[in-house]
Amino acid sequence: MSATVPGPGSPADDLLRGLWRENPVFVQVLGMCPTLAVSNSALNALTMGLATAFVLCLSSLLISLLRHVVPREVRIASFILVIATFVTVVDYLIQAISLALHAALGAFISLIVVNCIILGRAEAFAARNGPLRSFLDGLGMGLGFTLALLCLGGVRELLGSGSLFGIGVFGSQFEPWTVMLLPSGGFFTLGAWLLAIAWWRRRREAGARVQEAN
Amino acid sequence: MPEQSLASIFLGACLINNFVLAYFLGICPFLGVSGKIATASRMGAAVTFVMLVSSLCAYAIHAALAAIGALYLQLVSFIVVIAAAVQLVEMVVRKYSPALFRALGIFLPLITTNCAILALALFQTSKGYGLLQCLVYALGAGAGFTLALVLMAGIREKLELAELPDLATGTAISLFIAGILSLAFMGFAGLGA
């Protein structure tokens, strides 16, 4: 496995790291609020993921460009301002594209401002690295976040309303599992995903040990 | 909506639409600071206080921005005010209660990125509450947040003694408990009419 992983610091690694190895939701357990709140259907999850990815990319880029200009003492406040500006842009953008979608996501678009993934990447990565690497890192983390949201949204929509992206999958005799669409369903689904990933990791580690022993 | 009685606003924000268990707001401190009942209740009190202050400020800002027709600045100005309010609370707590300041530690400045507070400012604006209604709403939301945090901390203190499979320890089991708590809170839905 280690032969295919690009070395740390390369552009490909900046991009790919966020997708799986340091996935913001499944591995770092950041940004829980939007993850749980808008993942009741695959479409909502996808929109939210892409909106967050957009803000993450552009704010990482801008913060990285400004990193020598902003004094250390006021950096967090300035980061938040940059992020809030991009979120306002996204908010109006989604409103212009689809009012129904905007209504479904509600306040959670504005709440991208306080998504800890974005401020976390700004502080941990963009404030210390060049614009290109920061942009790639933002893109990777954003796509990783989208992937995680889709995993949750897909499962919840499939079980909760028997469809995927609004298209029926199981036919009419399927009894929808309504609890999956309710808040508690979000907690259960994420808990189950974390369990599954922990189990998978353990199995792989055990497999690697067996190979070494042979 | 603005004709709602104060009691129903308080109960609605505290129990029926509990910020943590029904709206998924403030999950990070909910999972992070819910290890001990004592810390959880202090954290709840600090958050409630910041909620009251920022609710008051958000009400004033919304009125001012609406007057000059610059509502697109709303989000940016809300977050700046919340950051300032948290800073203020930090200074006051450090001056008057150094013990509490040490107990809260890093979680005090992190209240800035607690989405429950920004959400409160946004919700009260979109619902068009008056000044008194805003304050009661903030108080209810803060009480609901504290309640959820303390309940979770109580369960987790007991959980320390339980035997769990290795895989399930940590975040996964906390999420399942939160799910069950959230199911229980759905029982309050009948209160609202």
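What follows is calculated from the coordinates using simple rules that are stated; it is not laboratory data. From a predicted model like this one, the values you see are computed outputs, not experimental measurements. Neighbour counts are summed over all protein chains in view; Cβ atoms, including those assigned to glycine, are modelled from backbone coordinates with ideal geometry.
Observations, loosely collected:
- Near pairs, Cβ below 6 angstrom, 6+ apart or cross-chain, from segment B:165-193 (more than 8 Å from chain A (Cβ to nearest Cβ)) to any residue that is among the polar types (S, T, N, Q) and crowded, with 16+ Cβ neighbours inside 10 Å: B:PHE185/B:ASN18
- Taken over segment A:51-87, the residue count meeting the criterion of being among the basic types (Lys, Arg) and assigned to a helix (DSSP H, G or I) is 2.
- Only a single item in (1) buried (at least 19 other Cβ atoms within 10 Å of the Cβ); (2) facing chain B (nearest Cβ under 10 Å) is not met by A:ILE76, and it is number (1).
- Qualifying positions in segment B:135-170 - hydroxyl-bearing (Ser, Thr, Tyr), farther than 19 Å from B:ALA116 by Cα and crowded, with 16+ Cβ neighbours inside 10 Å: none
- Every condition in (1) under 30 Å from A:TRP177 (Cα atoms); (2) more than 14 Å from chain B (Cβ to nearest Cβ) holds for A:LEU58 except the one numbered (1).
- Scanning segment A:15-41 for residues that are within 10 Å of another protein chain (Cβ to nearest Cβ) and under 16 Å from B:LEU25 (Cβ atoms) yields A:LEU30, A:GLY31, A:MET32, A:CYS33, A:PRO34, A:THR35, A:LEU36, A:ALA37, A:VAL38, A:SER39.
- Residue satisfying condition, being without any contact (Cβ under 8 Å) to a residue 60 or more places away in the chain and not β-branched (Val, Ile, Thr), within set A:ARG201, A:ARG133, A:ARG121, A:ARG128: A:ARG201
- Single residue of segment A:61-73 satisfying the filter (surrounded by fewer than 20 Cβ atoms within 10 Å (Cβ to Cβ) and either of a type outside the set (A, V, I, L, M) or under 14 Å from B:LEU75 (Cβ atoms) (or both)) that is farthest from the other protein chains (Cβ to nearest Cβ): A:HIS68
- Residues in segment B:11-25 that are more than 7 Å from chain A (Cβ to nearest Cβ) and among the small types (Gly, Ala, Ser): 2 in all.
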